[in-house]
Amino acid sequence: MSTTTQAGARIASASSLGVLATLRRGVQVSPEILDGLWVTLALAVAAALGRVVVPIAVQQTIDTGIGAESGPDATRVAVLVSVAAVLLVGAGLCSALVNVRLFRSTEAGLASLRVRAFRHVHDLSTLTQGTERRGALVSRVTSDVDTISLFVQWGGIMLLVSVLQIGVATVLMAIYSWQLTIVVWACFVPLFLVLRPAQRHVNQAYTDVRARVGAMLGAISESVVGAETIRAYGVGARTARRIDAAVDATRGAMVRAQKLVAVVFSSGVLVANLVLAVVVVLGSYLGVAGDISVGQLLAFLFLVQLFTGPVQMATEILNELQNAVAGWRRVLAVLETPLDVVDPGADGVVSPRGPAHVRLERVRFAYPDGPEVLHGVDLDLPARTSVAVVGATGSGKTTIAKLVTRLMDPTGGRVLLDGVDLREVRGSSLRERVVLVPQEGFLFEGTVEENAAYGLRDGSASDDERRARVAAAVARLGLTDWVADLPDGAGTQVGQRGESLSAGERQLVALLRAYLAEADLLVLDEATSAVDPAAEVRIARALATLTAGRSTLTIAHRLSTAEAADLVVVVDAGHVVEVGSHAELVEADGVYAHMHAAWVSQTR
């Protein structure tokens, strides 16, 4: 099954989970949410019971205090009111403690969830990440987790407490008047029956909302990153229309969801008001008949409020629940995405440092839902040899680079490093030995020095040590004059994605980073963009120093690179068709010779 098909299957699997199954699995991946749950629940129950005391105190105050047969009993009234006040204050304190504990456990759990989701996204191969837009992935780690927060912080515990409060209120109402209690339940049972199917519709609506939000963030993120291209080609209006469409789709999904919630909530309010009206009318009739006292009727009305309040709140909680479940499903879908490049970890082989010998044996590869792009490739790359891979666009050159660096695994065959299958090599060991320098070196916001220092293996180096090692690398690669010409030297800010530097300067920083990594095998995906002559001279000089004595695999887009290589590999339509030195291949008068002749006629 392809990666795209697997991704679609696990999203469908997560989306098909029921509410309880989603909550159960969500708690499993964020167990911190349950820390101290029983204490928190006990405090919430105490707060709920404290509120139930009020109707009892009212009834006792009216019937046995103010309306006592022997006349008003001021002492009894004072005692009852004082006890009720103390219990209410206690209930308030319990509620405050519940909030504090819930906020603490929720934030701990959701922080853990964010970290797990973030790390899992980074563990996914570039192939898997490419099946979903970056903005949508960011949405799953950020805004989708935020939707869980509101429900977990108060909704979950309040749902349990509300059920308890409804139960206690029902018992007390039945004690005061079983007839009125039946009336109350007779009014609310139809509402409960309606809420069940309504919940399914709200669930579907909020699942659509979270998907629309992810698509909207993806479109916005893409437009921000590509702002320069959008301006350069004058397609701002077209881009704005695309973003407007995504925003409108999100708004429409939100409106549909809120309409359903409004209907459910309004139904709860309507039924609650109907119940109060019916209780007042029937209660007055029972009072006149002597079946219920004034205090009991007032207490019953208070209890009805305690009964209807949780019911109305339940509709709002269900709203947050469905939103949270939709978000949780999307986060779980990320966490359940299988890793197609699995690090063997401690069980893996530690590849010893030294000259790197790479061999590809019958390697095949196909991108998701696409044709095979490498067909049984056999290739031997000797240690301390500079190898240039050439071929037409789409021939499979870059795929070979990604397989050698294990950014992807072959769908058939093996890639060996010093005789060991890369799938058996410990990830940390592989990264120490093999480094990829991509076409466009990604720069993080910060200084030139900080970006170069990403290549250092020792993350515990002090600032002075880091500065000294970067300076030594600058000198070794012959870049001292370039760094000196920068506005603030190595402390020059590169801007977002290195936008403050030219394309050539970004390549120089990438080469500095690769030098500091001290890898045994360098895989260079040669930049296709043109650079100014001065930068090109610096890049060539730095590359000569960087590759000296190292095994080097270069995806060559310029045949001048192939001319200087020890070995040239010609790839055509996913097959290795020629291997040899530049001179040997030119003399053979094959594919490479014709490519080289055409290149010479165009450039010289």
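The values are calculated or read from the model by the stated rules, or taken from the named source; none is laboratory data. Keep in mind the model is a prediction, meaning the values are calculated, not measured. Glycine also receives a Cβ, built like all others from the backbone with ideal geometry; neighbour counts cover every protein chain displayed.
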Inset, instruction - Any chance you could count how many residues in the stretch 442-474 are free of Cβ contacts under 8 Å to residues at least 40 places away in the same chain and among the charged types (D, E, K, R)? - result: 7
Legend entry - Residues located in the stretch 556-600, provided they are closer than 16 Å to Leu381 by Cβ, among the acidic types (Asp, Glu) and touching a helix residue (DSSP H, G or I) at 6+ places or on another chain (Cβ under 7 Å): Glu578
Legend entry - Matching option when the condition is surrounded by fewer than 19 Cβ atoms within 10 Å (Cβ to Cβ) and either closer than 29 Å to Ser177 by Cα or outside the structural domain of Ala169 (by TED's automatic domain parsing) (or both), among Leu93, Leu97, Leu80, Leu88: Leu88
Legend entry - Positions within the stretch 227-242 being charged (D, E, K, R) and at pLDDT below 75, in sequence order: Glu228, Arg231
Inset, instruction - Considering only the stretch 411-439, state which residues are within 27 Å of the chain's Cα centre (by Cα) and under 22 Å from Arg364 (Cβ atoms). - result: Arg423, Leu430, Leu436
Legend entry - Among (1) more than 30 Å from Ser30 (Cα to Cα); (2) at pLDDT 80 or above; (3) buried (at least 20 other Cβ atoms within 10 Å of the Cβ); (4) of a type in the set (Gly, Ala, Ser), the one test that Ala245 misses: (3)
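So that you can scan it fast, the table gives a plain yes or no per residue for (1) among the hydrophobic types (A, V, I, L, M, F, W, C); (2) over 19 Å from Leu306 (Cβ atoms); (3) assigned to a helix (DSSP H, G or I):
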residue	(1), (2), (3)
Ala47	yes, no, yes
Val53	yes, no, yes
Gln59	no, no, yes
Leu80	yes, no, yes
Val83	yes, no, yes
Leu88	yes, no, yes
Gly92	no, no, yes
Gly109	no, yes, yes
Leu113	yes, yes, yes
Legend entry - Answer from Val255, Val209 - the residue that is under 28 Å from Pro190 (Cα atoms), at pLDDT 75 or above and assigned to a helix (DSSP H, G or I): Val255
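Yes/no matrix, rows are residues, columns are (1) within 40 Å of the chain's Cα centre (by Cα); (2) more than 30 Å from Ala475 (Cβ to Cβ):
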| site | (1), (2) |
| --- | --- |
| Arg541 | no, no |
| Ala544 | no, no |
| Ala548 | no, no |
| Thr552 | yes, no |
| Ala562 | no, no |
| Asp572 | yes, yes |
| Asp589 | no, yes |
Legend entry - the stretch 484-511: number of residues that are of a type in the set (A, V, I, L, M, F, W, C), under 25 Å from Thr547 (Cα atoms) and touching an Asp or Glu at 6+ places or on another chain (Cβ under 9 Å): 3
Inset, instruction - Report yes if Gly427 is among the small types (Gly, Ala, Ser), touching a residue at least 60 places away in the same chain (Cβ under 8 Å) and within 30 Å of Ser500 (Cβ to Cβ), otherwise no. - result: no
Legend entry - Selection from the stretch 278-296 of residues that are in contact (Cβ under 8 Å) with a residue 60 or more places away in the chain and in a helix (DSSP H, G or I): Val278, Val279, Leu282, Gly283, Leu286, Val294, Gly295, Gln296
Inset, instruction - Answer with yes or no whether Leu559 is under 19 Å from Leu521 (Cα atoms) and buried (at least 16 other Cβ atoms within 10 Å of the Cβ). - result: no
Legend entry - Qualifying residues in the stretch 468-483 (those that are closer than 16 Å to Ile539 by Cα and among the aliphatic types (A, V, I, L, M)) - the one surrounded by the fewest Cβ atoms within 10 Å (Cβ to Cβ): Ala475
Legend entry - Count of the stretch 565-578 residues which are surrounded by fewer than 17 Cβ atoms within 10 Å (Cβ to Cβ) and not charged (D, E, K, R): 3
Inset, instruction - Determine if the stretch 520-530 includes at least one residue that is within 15 Å of Phe444 (Cβ to Cβ), in contact with a helix residue (DSSP H, G or I) (Cβ under 9 Å, 6 or more places away or on another chain) and either modelled with pLDDT of 85 or more or of a type in the set (Lys, Arg) (or both). - result: no
Inset, instruction - With the checklist (1) modelled with pLDDT under 80; (2) buried (at least 16 other Cβ atoms within 10 Å of the Cβ); (3) not basic (Lys, Arg) in hand, flag the one item Gly36 doesn't pass. - result: (2)
Legend entry - From the options Val304, Val334, residue that is buried (at least 21 other Cβ atoms within 10 Å of the Cβ) and touching a His at 6+ places or on another chain (Cβ under 8 Å): Val334
Inset, instruction - Can you tell me which residue within the stretch 553-604, out of those that are β-branched (Val, Ile, Thr) and in a helix (DSSP H, G or I), is modelled with the lowest pLDDT? - result: Thr603
